[in-house]
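Derivation of every value follows stated rules applied to the coordinates shown; laboratory data play no part. Everything quoted here is computed from the prediction, not taken from an experiment. Note: ideal-geometry Cβ built from the backbone for every residue, glycine included; neighbour counts use all protein chains shown.
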Amino acid sequence: MATIEGQLAEMSRIQQLRGLKAVNEMADRCFDACITDFAVTRQLRSSETECLDKCVQKYLDLSLRSGQGFAKAYGKPLN
């Protein structure tokens, strides 16, 4: 039987992996949505930079709202 400490360590590891997966998914989605001709130029255009900023902000806002909804449903507010 696993110890409490071992279980907590495994839960922490799983949370870290989920966080990395979420960041990778966000990067993939925003890249696909915003970068149209990366092979032609070596630097991002201003329109691509703006698109990426907005995409990432929307993703973070959605993540925060989801977390707040989850916390509300389970009675623990996020600060």
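Placing a label point 7 Å from the Cα of ASP32 along the Cα-to-Cβ direction, the residues of the stretch 55-76 whose backbone N falls under 16 Å of that point are 55-56, 59. Determine, from the Cβ-Cβ distance of PHE70 and THR49 and an R0 of 35 Å, the FRET efficiency 1/(1 + (r/R0)^6), rounded to the nearest 0.05. Computed FRET efficiency for PHE70 and THR49 comes out at 0.65. For the options ARG42, ARG18, ARG29, a Gaussian network treatment of the chain with springs between C-alpha atoms closer than 10 Å singles out ARG42 as fluctuating the most. Using only Cα atoms, find the angle between the long axis of helix 46-73 and the longest principal axis of the chain, and express it within 0 to 90 degrees, rounded to the nearest 10. With both axes taken from Cα atoms, the answer is about 20 degrees. Given the choices (i) -0.43, -0.54, -0.83; (ii) -0.67, -0.78, -1.01; (iii) -0.56, -0.72, -1.10, log10 I(q)/I(0) by the Debye sum over Cα atoms at q = 0.14, 0.16, 0.21 Å⁻¹ derived from the coordinates of this structure is entry (ii). Taking the C-alpha atoms only, the angle from helix 4-34 to the longest principal axis of the chain is near 20 degrees.
The lysine pair tally for the chain, using Cα distances under 24 Å and a gap of 8 or more places or different chains, is 4.
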